[in-house]
Structures are given as C-alpha cells and as structure tokens.
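What follows is one structure encoded as structure tokens, with my remarks underneath.
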Amino acid sequence: MISRIEVFLRKLRRVFSRSEWTISLLRLSKLKNPTNEPGLVMVQIDGLSMTQFNRGLQKKNLPFLQKLLTQERYILHSFYSGLPSNTPAVQAELFYGIKGCVPAFHFFDRQTGRAVKMLDPTFVEEFEKRLKTKGTGLLSGGSAYSDIFTGSAKESHCCWSHLDWEGILWAANPLVFPFLVLLYVDIFVRTLVLVFIELFLAVIECLRGTLKGRLFFRELELVYLRPLVCVLLREFITAAVCMDIMRGLPIIHLNFLGYDEQAHARGPSSNFAHWSLRGIDDAIKRIYHVMQQSSNRHYDLWVYSDHGQAKTTPYFVKYGRTLESAVEELFGNMPISSTIPEEHELTKSRVALLHKENKKDDFKEKASEKISPNIPDVLVTAMGPLGHIYVKRNLSVNQIQSFARRLISEIKIPLVLTKGGSLVHAWTPQGNFIFPDEAGRIFGSNHPFLEEIKEDLLRVCRHPDAGEFVIAGWCQGQEAISFPLEYGAHASMAPEETNAFAMLPMDAPIKVNNKNYLRPVDLRHTAQNFLNKNTLGPASISKTSPSKSLTLMSYNVHGCAGMDGCISTDRIARVIARFSPDIIALQELDVGRARSGHIDQVEMIARKLEMHYQFHCAFRWKDEQYGNAILSRYPMALIKSGSLPKLEHPRHQNEPRGALWVSVEFEGKKIQVLNTHLSLWPRERTLQVEALLSEEWLQHPDCQGPVVLCGDFNALPQSQVYRKICSKLYDSQSVLVGHRPRATWFGQYPLSRIDYVFVNANLHVDSITVPRTDLEKIASDHLPLITEFNLINT
C-alpha cells in the first residue's frame with residue numbers, strides 16, 4: 001500500500017512537473033517508454049584541484065557534495081588530467097580516447113598554417129572532426145553543455161564546436177514564451193537576485209583589485225563577466241539538464257565554468273573563486289533531485305574536475321615586461337610575432353557564448369586567415385603556463401642549446417624543452433637534463449604522477465604541432481608563473497594543475513591496474529562499462545583474499561519493484577553487489593509472473609552476481625511462482641524447503657508462507673541458514689514461528705553447529721513472536737555491543753524493525769549495516785540488513 005502511494009505521488013509530481021510541460025511546449029523529443037537501461041549525468045567542475053576541493057568541503061562551500069560522500073557512500077578518487085592539463089586535452093581523451101591531442105591551448109596548427117586557440121569555434125569544430133576519425137564519441141545519443149567538444153552528442157549547447165544554443169528556443173512557438181515565464185517565475189526571480197548579489201560582490205572586488213594596483217578597466221570587465229558566467233550560464237545549463245533527464249537521454253555531460261574563471265582572475269584559493277562553488281553545489285543538488293524523480297531511466301551522477309589550477313605570478317608582473325618583448329630581445333633582429341592573450345581573454349571569449357550576435361559567422365573571417373608567406377622568423381604562442389616558440393629557419397644543435405640556456409638565464413623561463421634527435425633535453429635553472437630519464441630531478445621524485453608525466457610530456461614535445469622550444473612556467477624549486485596576466489593557471493606539470501578529483505558511486509565499474517588514481521581514459525572506460533551495464537561480476541563481488549568473517553544480507557526485494565513503480569532486477573543486483581555479501585537471503589521474488597515480464601528474477605540476480613542459489617516457491621498460480629531464495633558465494637546444499645502452517649480465514653485467502661534451509665560450507669564447517677517470510681496475521685505468524693522452532697526445522701538433528709535464521713518476520717521487537725525466537729536464538733542487532741538497532745521498513749522513511757538476522761551461540765556478530773543511500777531507499781520497500789560475523793570455536 002505504501003509503495004502504491006509513493007508511485008501515485010511520483011506520477012502526480014510528473015503531471016505537474018514544469019520540466020515535463022516545458023518539454024511539451026518546446027516540442028522536444030522524449031523517450032516514449034520507460035526503460036531499465038542506465039543513464040549517466042557527468043558534471044565537470046572546471047579547474048577545481050583536489051586540494052581546493054577539500055578546502056571547499058572544509059569551508060562548507062560544497063554541502064551537497066559532502067552529503068554524497070558521507071551519506072550516499074560516494075568514493076573520492078584522485079584524477080590525473082594528463083598533459084597538457086587543460087580542458088581540450090582532457091575532453092578529447094575522455095570523449096574520444098585520444099591522449100595529448102593538442103600540444104597546448106594555443107599553438108601553431110601546421111595543417112591549416114595558422115596560430116590557433118581552442119576558443120576559436122570554427123577551428124574547434126574542424127578539430128573535432130579529426131578526433132571523430134580516430135575514436136568513438138562517448139556522448140553519442142546524449143547531450144553536452146558548455147564543453148570544448150561535443151563528444152558526438154545528439155544535442156549540444158554552449159559548446160565551442162557548436163555555439164548556436166539559442167536554436168532550441170527560436171524553434172519553439174513564440175506564443176509559448178509567456179507560459180515559460182510563468183512556469184519559471186521563481187527561477188527568474190531567484191536568478192535576478194543572484195545576479196545582483198554577484199554584481200555587488202564584483203564591484204567590491206573591482207575596488208579592491210584597483211587599490212592593489214591592478215588595471216582599472218580590466219578590473220571593470222570582471223564586474224559584468226562574473227554574473228554572466230557564474231549565474232546566467234550556470235542557471236541555463238541546470239534548467240536544460242533537468243529537462244534532458246526528464247526526456248530520458250542516456251548520457252548528459254555539463255561543464256560549470258564559474259570557479260575556473262574566478263580562479264584565473266584572483267587565484268585558485270581566493271574567496272572570490274570559492275564563493276562560486278556554492279552556486280555550483282546548489283545546481284548539482286537540483287540536478288540530483290530531478291534524477292531521483294526520473295521514471296525513464298535509473299540515472300547515476302558523477303562529479304569530477306578536468307584539472308586543477310596553480311597559484312601563479314604573471315610573467316609581466318614579475319619581470320616588468322611581456323614574454324613577447326623578452327623573446328624579441330633574445331632573438332635579436334629576427335622578426336617576432338606573438339599571440340599572447342591579454343588579461344582575461346579566456347573569460348571574455350567564454351562569455352561570448354551568452355551573446356546571440358557572437359555566432360560562428362563572426363569568427364569565420366579570423367578563422368580563414370592564415371599566416372602569410374612573410375611570417376616572422378619567430379612565433380610565440382603562450383596562453384597559460386605552457387607555450388611554444390616556433391622558429392622558421394633551421395637552427396643548429398649549438399644554436400638550439402644556446403637559445404635554450406638564454407631562455408632560462410635571461411628570459412627567466414623555469415623550464416625549456418628541446419628535441420635533439422631521439423632525445424628530449426630539459427633546461428632548468430638547475431641545469432640541463434635528459435628527459436624522461438631524469439624526470440625526477442626536474443619535477444621532484446615525489447610528484448604524484450611522475451611516471452605518467454614522462455609519457456605525456458614526451459607526447460607534447462613530439463606532437464607534430466609542437467614548437468622548436470616548449471616552454472613551461474613551473475619546475476621543481478621554482479615559483480609558478482603564467483605567461484599571460486592571470487593569477488591562477490593550468491596546462492603545465494605542477495601537482496596542483498594535474499591533480500584534480502573524481503567523485504563516483506561506490507560501485508562504479510572502475511578497472512585500473514596498479515594505480516591509485518584515474519585519468520580521463522579511465523573515466524571514459526568506466527562510463528562505457530556503466531552504460532553497457534558491466535557493473536557486476538567476479539571483480540565486484542568476490543573477496544580478494546580469504547576471510548575469517550562471513551557476511552550475510554537479508555533483503556525483502558518486493559518483487560524487485562521499487563518505490564518508483566519500476567521493476568528492475570538490475571537495480572536489486574546492484575544494491576547487493578555494493579556490499580559483497582557471502583550469503584544473501586531474499587524474500588518476495590517472482591518467477592515467471594506477468595508483472596515482472598515473465599522472467600525468473602532469482603536466476604537473473606544470481607547470474608549477475610555469479611553466485612549459487614536455491615529457490616523455494618511459497619505459492620504458484622499457473623506458470624507463475626512467488627517465494628524466497630538463498631544465494632551463496634560458497635558451496636551450499638539444500639536441506640529442506642517447505643510450507644509453514646496456515647490458518648483458513650472465512651472471508652479471504654491468506655497468502656501461503658514458507659521457509660528455505662540450506663547448509664553452506666565455510667572454513668571447513670557447515671553453517672545452517674534458514675530464510676523465511678512470515679504472515680501478516682499475528683495468530684498465523686505465531687503458529688509459523690512455533691513450527692520453525694520445532695524439530696521440523698531448528699530442532700532437527702541436522703540443524704547443528706552455527707545456525708542463522710533470517711528474513712522478513714512482519715513482527716516488531718515487542719511482539720510475542722520476537723520473544724519466542726529470542727528464547728532460542730540471539731537477535732544480531734541486539735547483541736552487538738554499542739550498536740543501536742536500526743529499522744528496515746519501509747525504505748524511504750524506515751520506521752519499523754521487522755527484518756531480522758538471528759544467530760546461535762556458535763556465531764559472534766562483528767558488525768551490522770543497514771544502508772540508506774537513495775539507491776537502497778528506492779529499490780524496494782525494505783532496506784537490506786547486512787550482518788558480518790565470525791565462527792566461534794567450540
């Protein structure tokens with residue numbers, strides 16, 4: 001009855017859901033029939049390092065993400081960005097499986113013969129076409145928001161290779177806009193308030209920055225950039241993603257830019273940047289809540305950052321001249337060309353996404369321009385702390401070495417890399433090193449990703465579009481600098497730049513060998529495994545080494561019908577696999593029933609978990625069966641299965657009840673496990689317990705040694721049935737020292753304790769777990785009861 005009420009309320013919420021109304025008004029496509037197929041929402045928080053993420057948790061700027069870690073059992077992974085540590089390189093590896101696709105964010109593209117930035121929409125679109133010839137897009141059939149690449153998404157908005165996001169609105173009937181305004185009036189008001197708050201804070205920051213000696217007009221630009229990126233773009237993306245979830249798209253990827261933009265302007269640890277995390281956290285919370293209401297797919301939420309940022313000193317601020325003028329002085333009379341960006345150019349280009357007039361057509365003229373045949377002898381491209389110096393004429397080995405030394409000693413660049421035959425030379429203030437053999441002396445032997453950096457930095461140096469000199473703003477023992485005017489930067493090899501984070505559910509199908517961190521291609525494979533439902537198997541449910549303890553789960557699965565009305569054996573199997581139990585006692589299973597799709601739920605769950613099983617049919621009707629099962633990792637033998645006493649009621653037919661008894665071999669001993677599901681009626685329940693305690697079951701001569709009686713007893717701890725059982729056995733939740741018994745029914749708001757695991761004196765209870773993540777609360781009307789115990793030698 002409770003589950004039916006929950007299903008009804010969910011349907012009612014969908015009827016009045018403004019996302020559903022908006023989908024209809026805008027005539028957007030939608031999944032016609034609900035499916036048990038998984039869905040994935042991937043949230044990228046641009047530029048947030050692991051260090052700053054933890055700092056955000058400590059400062060309580062990320063309360064919802066903290067909840068995911070503590071209450072929803074998410075696992076926090078270190079995430080190595082790869083090199084360059086920038087969004088194009090990370091997304092190319094994540095979306096297409098291609099490592100090091102670009103040598104920097106800004107480089108000379110030899111194929112087109114011009115200097116390009118990964119903010120030029122026309123070039124990015126062309127570049128993604130190259131990627132598609134080398135790899136399959138991860139986001140196929142899904143959607144992408146505010147990304148560099150679309151990942152072959154079916155729908156993409158605010159992405160650099162697809163800027164015309166307004167098409168979704170202009171395609172709609174103009175008459176629907178008043179209705180949309182009415183539907184989202186609270187959102188409009190909320191956004192307006194947030195814009196004013198951001199404007200107020202931006203004005204204060206503008207004055208503070210000016211007083212510190214920064215350029216007033218550049219500070220003034222941040223006053224309007226901040227609300228545009230941190231509020232308007234974020235709110236648009238959040239609303240659109242919520243609609244995509246209600247539409248049932250299989251995979252959705254979105255990128256929140258606010259923190260990264262503010263960190264560039266003020267530094268990654270500044271209050272200016274960390275304030276933006278609050279809005280991002282709230283947006284993720286709203287997306288998550290919509291996911292829980294989805295009737296089309298079972299969505300997972302993954303949160304990660306593509307890279308971190310290091311606190312940097314701008315080259316101009318530190319040395320009083322631009323890198324362009326310094327290189328011009330070094331190379332003497334060689335003509336110099338520099339495309340070093342002005343301060344905040346990255347921010348200004350991103351904000352162009354919000355302006356309708358800034359379409360790709362506006363970039364075509366620039367995109368079609370190529371460097372003329374009379375190009376300068378030297379070209380400098382440096383957008384961030386990683387750049388390239390291209391020299392038109394051929395240089396001898398001695399000239400290359402001489403320029404490299406002078407770039408270090410005179411220009412004060414922390415790291416210069418040059419190619420010499422099959423070798424790469426690294427020049428630092430500490431001397432000349434052979435890379436990668438002496439990588440530890442360049443970046444420090446304690447760098448968390450030293451081995452990966454060796455491979456990735458070689459790939460950058462040998463990239464066909466790399467310059468004759470690869471320059472970086474950091475090496476061991478040097479203060480980090482950035483070549484443009486920015487106080488937080490990324491792209492090079494510093495630990496803060498390369499060490500991001502990934503927050504994934506505890507059962508995400510990660511397969512990483514001999515590493516304690518992920519990189520983009522690992523996240524790609526994990527997403528593919530999840531979408532292909534490769535979330536279970538021997539690796540996820542087997543013990544890695546012999547264990548002295550035994551874990552048993554008792555779980556009423558409600559015919560695999562969740563509180564959302566969806567019937568899913570996949571979801572039940574996933575709940576079980578999360579905790580790797582050795583023995584599983586399941587109640588209320590369907591075999592061949594029409595409502596469950598005429599499938600054998602026991603066989604399907606056991607096959608997914610790769611476990612042995614025994615099933616007892618409590619009652620059957622035609623070809624349909626309904627009953628209880630025991631699954632085991634260890635060998636087991638069926639001892640007995642049968643019906644329990646039943647009272648004939650004059651007005652209605654009571655549901656037949658039964659019990660299942662198996663013997664499980666563990667540590668050279670046999671453990672007797674009995675699983676049952678008792679009646680709802682007190683008198684009938686009492687008769688059934690008396691039968692279980694008789695010589696037919698628990699008092700049977702074969703029921704010796706360690707004994708477990710578990711299941712759904714439909715009885716409270718104050719009941720006569722409970723007292724009768726406790727006269728012979730121990731309630732595992734009551735005997736565990738320091739443990740407060742936890743309710744298991746019903747799933748959403750557990751109020752009662754009617755599921756039990758009783759043990760005899762031959763077993764010592766070590767721990768009790770009653771998980772209450774959102775997955776367990778929706779998968780069934782009961783929560784699983786997990787007991788870990790040890791054998792007592794007698």
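The values are calculated or read from the model by the stated rules, or taken from the named source; none is laboratory data. As the structure is a computational prediction, the values presented were derived from the model and not from experiment. Quick reminder, even Gly has a Cβ in these numbers, built from the backbone with ideal geometry, and neighbours come from all protein chains shown. To get the accessible areas, we keep the full protein, side chains included, count just its heavy atoms, and leave off ligands, DNA and RNA. Shrake-Rupley method; radii C 1.70, N 1.55, O 1.52, S 1.80 Å.
Couple of notes before you dig in:
- Taking the criterion of being of a type in the set (A, V, I, L, M, F, W, C), farther than 19 Å from ASP570 by Cα and surrounded by fewer than 21 Cβ atoms within 10 Å (Cβ to Cβ), the residues of segment 603-636 that qualify are CYS617, PHE619, TRP621.
- Segment 378-425, residues that are of a type outside the set (A, V, I, L, M), crowded, with 21+ Cβ neighbours inside 10 Å and over 42 Å from the mean Cα position of the chain (by Cα): PHE403
- Some residue of segment 256-271 being under 11 Å from PHE64 (Cβ atoms) and either over 17 Å from the mean Cα position of the chain (by Cα) or of a type in the set (Asp, Glu) (or both): no
- Taken residue by residue, segment 555-569 has at least one member that is of a type outside the set (Phe, Trp, Tyr), within 14 Å of ASN675 (Cβ to Cβ) and buried (at least 22 other Cβ atoms within 10 Å of the Cβ).
- Checking each residue in segment 263-287 for being open to solvent by 10 Å² or more (accessible area, probe 1.4 Å) and not hydrophobic (A, V, I, L, M, F, W, C) picks out HIS264, ARG266, SER269, SER270, ASN271, ARG278, GLY279, ASP282, LYS285, ARG286.
- Residues that are in a loop (DSSP other than H, G, I, E, B), small (Gly, Ala, Ser) and surrounded by fewer than 24 Cβ atoms within 10 Å (Cβ to Cβ), drawn from segment 136-160: GLY137, GLY141, SER152
- Test: ALA439 is of a type in the set (Gly, Ala, Ser) and more than 28 Å from PRO268 (Cβ to Cβ): no
- Check on GLY488, within 30 Å of the chain's Cα centre (by Cα) and either of a type outside the set (Lys, Arg) or open to solvent by less than 30 Å² (accessible area, probe 1.4 Å) (or both): yes
- GLU496 satisfies every condition listed in (1) closer than 20 Å to HIS307 by Cβ; (2) open to solvent by less than 50 Å² (accessible area, probe 1.4 Å) except (2).
- Scanning segment 416-456 for residues that are in contact with a strand residue (DSSP E or B) (Cβ under 8 Å, 6 or more places away or on another chain) and part of a loop (DSSP other than H, G, I, E, B) returns PRO436, GLU438, PRO448, PHE449.
- Every residue from segment 457-488 that is among the small types (Gly, Ala, Ser), out of contact with any Leu (no Cβ under 8 Å at 6 or more places or on another chain) and part of a loop (DSSP other than H, G, I, E, B): ALA466, GLY477, ALA480
- Lone qualifier among THR526, THR551 - being open to solvent by less than 40 Å² (accessible area, probe 1.4 Å), over 30 Å from GLN625 (Cβ atoms) and either modelled with pLDDT of 95 or more or in a strand (DSSP E or B) (or both): THR526
- Remark: pairs (first residue in segment 235-251, touching a residue at least 12 places away in the same chain (Cβ under 8 Å); second residue aromatic (Phe, Trp, Tyr); Cβ separation under 8 Å; 6+ apart in sequence or on different chains) = ILE237/TYR145; ILE237/PHE256; ALA239/TYR184; ALA240/TYR145; VAL241/TYR145; ILE245/TYR299.
- Figure legend. Inter-residue proximity from segment 181-199: first residues assigned to a loop (DSSP other than H, G, I, E, B), second residues not basic (Lys, Arg), beta-carbon distance below 6 Å, spacing 6+ or different chains. No pairs are indicated.
- Whether a residue is open to solvent by 60 Å² or more (accessible area, probe 1.4 Å), at pLDDT 95 or above and out of contact with any helix residue (DSSP H, G or I) (no Cβ under 8 Å at 6 or more places or on another chain) was assessed, and LYS67 passes this test.
- If you go through segment 89-126 and keep only what is open to solvent by less than 10 Å² (accessible area, probe 1.4 Å) and closer than 21 Å to HIS157 by Cα, you end up with ALA89, VAL90, GLN91, ALA92, GLU93, LEU94, PHE95, TYR96, MET118, PRO121, PHE123, VAL124.
- Close contacts from segment 700-715, counting a first residue that is at positive phi and a second that is part of a loop (DSSP other than H, G, I, E, B) and open to solvent by 30 Å² or more (accessible area, probe 1.4 Å), with Cβ to Cβ under 9 Å and a gap of 6+ residues or different chains, come to GLY705/ASN762; GLY705/THR794; ASN714/LEU680; ASN714/TRP681.
- Condition check for LYS646: surrounded by fewer than 19 Cβ atoms within 10 Å (Cβ to Cβ), touching a Pro at 6+ places or on another chain (Cβ under 9 Å) and among the basic types (Lys, Arg): yes
- For segment 656-672, a residue qualifies if it is open to solvent by 50 Å² or more (accessible area, probe 1.4 Å), within 21 Å of TRP697 (Cα to Cα) and at pLDDT below 95, and exactly one does: LYS669.
- Near pairs, Cβ below 8 angstrom, 6+ apart or cross-chain, from segment 674-698 (free of Cβ contacts under 8 Å to residues at least 60 places away in the same chain) to any residue that is among the hydroxyl-bearing types (Ser, Thr, Tyr): PRO682/SER719; ARG685/SER679; GLN688/THR676; GLN688/SER679; LEU692/THR676
- Within segment 437-463, the set of residues being surrounded by 18 or more Cβ atoms within 10 Å (Cβ to Cβ) and either among the small types (Gly, Ala, Ser) or closer than 15 Å to GLU497 by Cα (or both) comprises ALA439, PHE443, HIS447, PHE449, GLU452, ILE453, ASP456, LEU457.
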